[in-house]
Amino acid sequence: MLRIQNTIVGQYTDIVTNVRAVTIRTQTSVQPVYRSLLTKRFGCSYEYYAGQFICNRNNRYVYHVDGVDSLGFAYRRTGTFSCLQQITTTVAPTTPKTEVFCVNGGTPLYQGTVNATCFCPELFTGRTCDQVNCMHGGTPLPGGLQCQCPPGFEGPNCESVSCTVNWGPMLTDLKSLVVVLRATTSMKYYVPQIMNAITAEVENNNALNYDVYNNYILVTFANGKYDTNFYTRDFYQKFLDDIMSVADTTNVGGCEEKTFSAIFSAFVEPINPKSAIYLFTDAIASDADQWRTVTEANTRRKLPIYTMFLPNELCTVNEYSEGYRALRRASEFSGGLTQQPTLYSLHPVILKYKSAQKLAKKLK
């Protein structure tokens, strides 16, 4: 059996972010025979290396390279290679043995032979690693430990790009106003209060020259059906008119309602980051098993859900029922709250939530 040393190197031009580790196993086994972190190096044909791996002659191997992409998701690239027999060479005449002394963290190789040299870290080069490795067109300075860098680069080895950072917009300045409203006859008395609160909020922002909302979303639901509408800034009045039209509905609802499917429909709309969802209902959720669907979709959006559970003279609210507890859980998991305002306290409660959101935005 012939054992051959190989240095594992690789170049992945299609990977945007971090390459983490390499794992090698024989093609006939699931047990790894080699595993190592991949180290980044500069100015080389191959960007990552993992040291040496000793393979057995005529074996076929499978390698896995693991990393994380620009969205934070783990990925794996897989390939195969073979261990070839070493070429027979003529034995060189005996020559006096030599030794090499490595500096700057170099590792001696082939000590005692005329080929004695050093394996250098990525920032140094030369037979004894005594020369600085200048990147991006840098020039070694006297002493060999630092480089004179061209414009646009900096660092001892000119390894860093020097530029003015433009962070750009953080995409949290503008919000969407999202209203999920049960459209039944039992809710018609609350519609004017909801309208007044929204109008007061928008007019107050305009008076202070605050540019807060650039779009609006309205989801109306009743008797197992829902309707989702998106409005740009120019259609703000249409948004208000559609809310007000709920006061004229003829839908007679019961004490339970499919609620989470209506909330989930808002997530397909282009909602601005960190926007709040305001749910107005007077019935417990009949689709309580769907609260996880809303919560899982919201883990990517992080939109706080504020639930306004309003009195219904025809229904008694059991706060321990699964439908009510599911609404409360969805709000709490999102960072929102569940409230039971009355007809006369609904307006100030909504304004209080919006003021709290403004304060949180300023603190950020």
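The values are calculated or read from the model by the stated rules, or taken from the named source; none is laboratory data. Here the structure is a predicted model, which means the values were calculated and not measured. Every residue, glycine as well, gets a Cβ built from its backbone with ideal geometry; the counts of neighbours run over all protein chains shown.
Looking only at the range 50-69, count how many residues are among the basic types (K, R) and part of a strand (DSSP E or B).
The number of residues fulfilling the criteria is 1.
Find the residue count for the range 252-272, including only residues that are out of contact with any helix residue (DSSP H, G or I) (no Cβ under 9 Å at 6 or more places or on another chain) and of a type in the set (F, W, Y).
So the answer is 0.
Quick one: in the range 186-239, of everything that is β-branched (V, I, T) and outside any helix (DSSP H, G or I), which residue is farthest from the chain's Cα centre (by Cα)? Please lay out each step first, then the result.
Of all residues in the range 186-239, those β-branched (V, I, T) come to 191, 194, 198-199, 202, 212, 217, 219-220, 228, 232.
Keeping just the survivors that are outside any helix (DSSP H, G or I) gives 212, 217, 219-220, 228, 232.
Details: V212: 25, I217: 25, V219: 27, T220: 31, T228: 27, T232: 27 Å.
Here the answer is T220.
Restricting to the range 308-350, what's the tally of residues that are within 27 Å of the chain's Cα centre (by Cα), under 21 Å from G254 (Cα atoms) and either buried (at least 19 other Cβ atoms within 10 Å of the Cβ) or of a type in the set (A, V, I, L, M) (or both)? Don't jump to the end; show me each part of the working.
Quick first cut of the range 308-350, residues within 27 Å of the chain's Cα centre (by Cα) only: 326-337.
Then drop every residue that is not under 21 Å from G254 (Cα atoms), which leaves 326-328.
Next cut, either buried (at least 19 other Cβ atoms within 10 Å of the Cβ) or of a type in the set (A, V, I, L, M) (or both) only: 326-327.
Count: 2.
Within the range 262-277, count every residue that is more than 25 Å from the chain's Cα centre (by Cα) and either not hydrophobic (A, V, I, L, M, F, W, C) or not assigned by TED's automatic domain parsing to the domain that holds D227 (or both). First the steps, then the outcome.
Of all residues in the range 262-277, those more than 25 Å from the chain's Cα centre (by Cα) come to 262.
Still in the running and either not hydrophobic (A, V, I, L, M, F, W, C) or not assigned by TED's automatic domain parsing to the domain that holds D227 (or both): none.
Residues that pass the stated criteria total 0.
For the range 297-307, which positions are free of Cβ contacts under 8 Å to residues at least 60 places away in the same chain and surrounded by 14 or more Cβ atoms within 10 Å (Cβ to Cβ)? First the steps, then the outcome.
Within the range 297-307, the subset free of Cβ contacts under 8 Å to residues at least 60 places away in the same chain is 297-302, 304-307.
Result: A297, N298, R301, P304, I305, Y306, T307.
Filtering the range 123-144 down to residues that are touching a strand residue (DSSP E or B) at 6+ places or on another chain (Cβ under 9 Å) and surrounded by fewer than 17 Cβ atoms within 10 Å (Cβ to Cβ), which residue is nearest to Y46 (Cα to Cα)? Spell out the reasoning first.
Within the range 123-144, the subset touching a strand residue (DSSP E or B) at 6+ places or on another chain (Cβ under 9 Å) is 123-141, 143-144.
From the residues that got through so far, the ones that are surrounded by fewer than 17 Cβ atoms within 10 Å (Cβ to Cβ) too are 127, 131, 137, 139-141, 143-144.
Values: R127: 20, Q131: 20, G137: 18, T139: 22, P140: 23, L141: 26, G143: 28, G144: 24 Å.
Filtering the range 123-144 for residues that are touching a strand residue (DSSP E or B) at 6+ places or on another chain (Cβ under 9 Å) and surrounded by fewer than 17 Cβ atoms within 10 Å (Cβ to Cβ), the one nearest to Y46 (Cα to Cα) comes out as G137.
Which one of A276, A197, A262 is within 20 Å of L337 (Cβ to Cβ) and touching a His at 6+ places or on another chain (Cβ under 6 Å)?
Working: A276 fails: touching a His at 6+ places or on another chain (Cβ under 6 Å); A262 fails: touching a His at 6+ places or on another chain (Cβ under 6 Å).
After applying the criteria, what remains is A197.
Quick one: which residue in Y353, Y324, Y278 is among the hydroxyl-bearing types (S, T, Y), modelled with pLDDT of 90 or more and closer than 16 Å to L177 by Cβ?
Details: Y353 fails: modelled with pLDDT of 90 or more; Y324 fails: closer than 16 Å to L177 by Cβ.
Step by step, each of Y353, Y324, Y278 is checked, and only Y278 is among the hydroxyl-bearing types (S, T, Y), modelled with pLDDT of 90 or more and closer than 16 Å to L177 by Cβ.
Would you mind stating whether T80 is assigned to a strand (DSSP E or B), of a type in the set (S, T, N, Q) and under 30 Å from R25 (Cα atoms)? Steps first, please.
Details: assigned to a strand (DSSP E or B): yes; of a type in the set (S, T, N, Q): yes; under 30 Å from R25 (Cα atoms): yes.
Yes: the conditions hold for T80.
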